1. Can you tell me how many residues in region 118-150 are surrounded by fewer than 20 Cβ atoms within 10 Å (Cβ to Cβ) and either closer than 19 Å to residue 172 by Cα or not hydrophobic (A, V, I, L, M, F, W, C) (or both)?
2. Condition first: among the hydrophobic types (A, V, I, L, M, F, W, C) and touching a Ser or Thr at 6+ places or on another chain (Cβ under 9 Å). Now tell me which residues in region 138-153 satisfy that.
3. Could you count how many residues in region 52-86 are buried (at least 18 other Cβ atoms within 10 Å of the Cβ) and either modelled with pLDDT under 50 or not in a helix (DSSP H, G or I) (or both)?
4. Quick one: is residue 154 more than 24 Å from residue 109 (Cα to Cα), in a loop (DSSP other than H, G, I, E, B) and of a type in the set (Lys, Arg)?
5. Mind telling me which of the residues 105, 119 ends up being modelled with pLDDT of 95 or more and in a helix (DSSP H, G or I)?
6. Within region 128-151, is even one residue modelled with pLDDT of 95 or more, outside any loop (DSSP other than H, G, I, E, B), of a type in the set (Lys, Arg) and in the same structural domain as residue 181 (by TED's automatic domain parsing)?
7. Does region 91-117 hold any residues that are charged (D, E, K, R) and either buried (at least 18 other Cβ atoms within 10 Å of the Cβ) or within 11 Å of the chain's Cα centre (by Cα) (or both), and which are they?
8. Check 83, 124 and return the single one that is over 15 Å from residue 151 (Cβ atoms) and touching a residue at least 60 places away in the same chain (Cβ under 8 Å).
Amino acid sequence: MNGAAAGGVERPSLGAASVGGERRGGLVTRGWGGPLALHGGGRRGESEGRAMGSSTELLADMLCTAAARGRVELVQALLEAGTSPNALNRLGRSPIQVVMMGSVRVAELLLLHGADPNRADPVTLTRPVHDAAREGFLDTLVALHRAGARLDVRDAWGRLPVDLAEERGHREVARYLRAATGGTEGGGHAGTDPAEGPADVK
């Protein structure tokens, strides 16, 4: 069995075409969760360049989708095949921005391969640490912090990660954030009123 992993889990194969797969710009795939394969193929010159660009965009979308669904094996296979951990999907989001926060292993894989833990949403200014704090995933927050994520950054509503943790009642997360930032309390939501939204953010 191609791509078999320990414990009987089949890992996606990036080495050979899958039967019944669909070719898209030099990529053969069988759905988000099935085997996928890379092929040279295509015309020379500009057409080959377009095919490569299309494949790169598709791989970026696949990596983001796999990260959002917590698909550890697929994320690892795509990263090992050379997909950039900072590649943007069609919505302009990177894998670490859309990662399933409850899947610390996926977050660690992305960070290990060079994902930027400080990438902010261009509109809301939300960073992965805001999401982890709001959702209460301490392990993922710690992984982001160890990878260089800043904890003193505010979103478009003026909220620090510790503010979000406290609002949602995630005491352990809030305690960690206060300790990691030298005991700094929440920022009092300086800036835009949450009810108004990031109207002035461009």
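The values are calculated or read from the model by the stated rules, or taken from the named source; none is laboratory data. As the structure is a computational prediction, the values presented were derived from the model and not from experiment. FYI the Cβ positions are ideal-geometry reconstructions off the backbone, even for glycines, and counts take in every protein chain you see.
1. Counting residues in region 118-150 that are surrounded by fewer than 20 Cβ atoms within 10 Å (Cβ to Cβ) and either closer than 19 Å to residue 172 by Cα or not hydrophobic (A, V, I, L, M, F, W, C) (or both) gives 14.
2. Correct list: 151 only.
3. Selection size over region 52-86: 3.
4. For residue 154, the condition - more than 24 Å from residue 109 (Cα to Cα), in a loop (DSSP other than H, G, I, E, B) and of a type in the set (Lys, Arg) - is met.
5. Going through 105, 119 in turn, just one is modelled with pLDDT of 95 or more and in a helix (DSSP H, G or I): 105.
6. Scanning region 128-151, I find at least one residue that is modelled with pLDDT of 95 or more, outside any loop (DSSP other than H, G, I, E, B), of a type in the set (Lys, Arg) and in the same structural domain as residue 181 (by TED's automatic domain parsing), so the answer is yes.
7. 93, 108, 116
8. 124
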